[in-house]
Structure formats: C-alpha cells, structure tokens
Amino acid sequence: MQYRSETMRPQLSLFEGMMAQRAMPFCAAPASVEPRPEYLSELSLSGNSEHCHLLLTPILRDLSEADDKRWLTLIAPPGSLSGNWLRDSGLNRQRVIVLHPRNDQSALELACKALGSGCSHTVITWQEKLSNAERNKLRAAASLGQAKGLNIRLGC
C-alpha cells in the first residue's frame, strides 16, 4: 500500500496539539480554583521507643516555636511523653498546653473542642485508628477554628 503525501496530514505531537488548541496543560489548575487547605495530617511512627522520641522531638519543638501565637495543644499524650520528657525535649513550655479528657469525654471529643475553639494553631492527638467519620469530625472542627490537626500513631 502506498500513501500519498499530499493527502496525509502530519500528526502533531501532544504538546503541539495542546498549544494549537490553547488547551491547559494536564497539571495546571484553573486560576479561579483555590487549593483547599488540608486541616488534618497523620504521622505513624513504629520501632524502638527511643528512636520514635528522637523523630518526634524536632517536630514538637518546631510546632511549639511557630510564629502563630496560639497554643500547641497535646490531647492525652501517651505516658512515654511525660512532663519531664516534654521539658527535656526543648519545647517552648510557654506555648504548649496538655489536656486530658475528663469523665465521659473521649480524647476525640476533646480534640474537636480544642480545634474548633480557635485557641490552638495545632492540636495533636494520639489515636491508633481513625475512622472516616472521626477524620471528618476532626477536619470540620479544625476548619472551624482555622487550626491544624495532627494525629500521631505510635507503634513504639
């Protein structure tokens, strides 16, 4: 089979085709769309307890020194993160508050209150497993209080 060159149209590369159609590149977002802030992050640490603490220390220290003048709030930290450990880790204790749930209140409910109040820039919880519903509650509360939530899963 022979093809006539005058009837064949040259094929454009993907890039040239997009430019010819003035199409937006795949990775670009429309200018009118604002990125949604993510209010909840999760961190999972496992292994030797001492190694976990070594990894956790600079994160907590940086959060305690944040430019935001609101609290870094720790909700029911595990026993391995004692008051002595917090002092020895170099956290700015003037900017850290440790809260424990009372009576029938769960750590999750307390975290939602702390996030929603707007008094904390970051609220840290230590929940082993979060369901989608629990994640959504934390995200909604964080959005309300313009705060960040961080759930740390320690397998140490």
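For residue 121, the solvent-accessible surface computed with a 1.4 Å probe is close to 10 Å², ligands and nucleic acids excluded.
When Lys and Arg each count +1 and Asp and Glu each count -1, what net charge do the other residues less than 13 Å away from residue 66, Cβ to Cβ, add up to? Taking every Cβ under 13 Å from that of residue 66, the sum is +1.
Relative to one another, the C-alpha centroids of the stretch 97-156 and the stretch 35-74 are positioned 13 Å apart.
Net charge dipole, the stretch 39-116: roughly 280 debye, given to the nearest 20, about the Cα centre with Cβ charges of +1 for Lys and Arg and -1 for Asp and Glu. Solvent-accessible area of residue 134, all protein chains in place: 60 Å² (probe radius 1.4 Å, heavy atoms, ligands and nucleic acids excluded).
Let a ≥ b ≥ c be the square roots of the eigenvalues of the Cα gyration tensor of the stretch 55-156; is it rounded (a/c under 1.5), or, if not, prolate (a/b larger than b/c) or oblate? Taking the square roots of the gyration eigenvalues as a ≥ b ≥ c, the stretch 55-156 is oblate. If you take the square roots of the eigenvalues of the alpha-carbon gyration tensor of the stretch 63-118 and sort them as a ≥ b ≥ c, do you get rounded (a/c under 1.5), prolate (a/b over b/c) or oblate? Oblate is the answer for the stretch 63-118, as a/c is 1.5 or above yet b/c matches or exceeds a/b.
The values are calculated or read from the model by the stated rules, or taken from the named source; none is laboratory data. Bear in mind that the values here come from a model prediction, so they are computed numbers and not experimental data. Reconstructed Cβ throughout: ideal geometry from the backbone, glycine too, with neighbour counts over all protein chains shown. Calculation scope for accessible area: heavy atoms of the full protein, side chains included, ligands and nucleic acids excluded. Shrake-Rupley method; radii C 1.70, N 1.55, O 1.52, S 1.80 Å.
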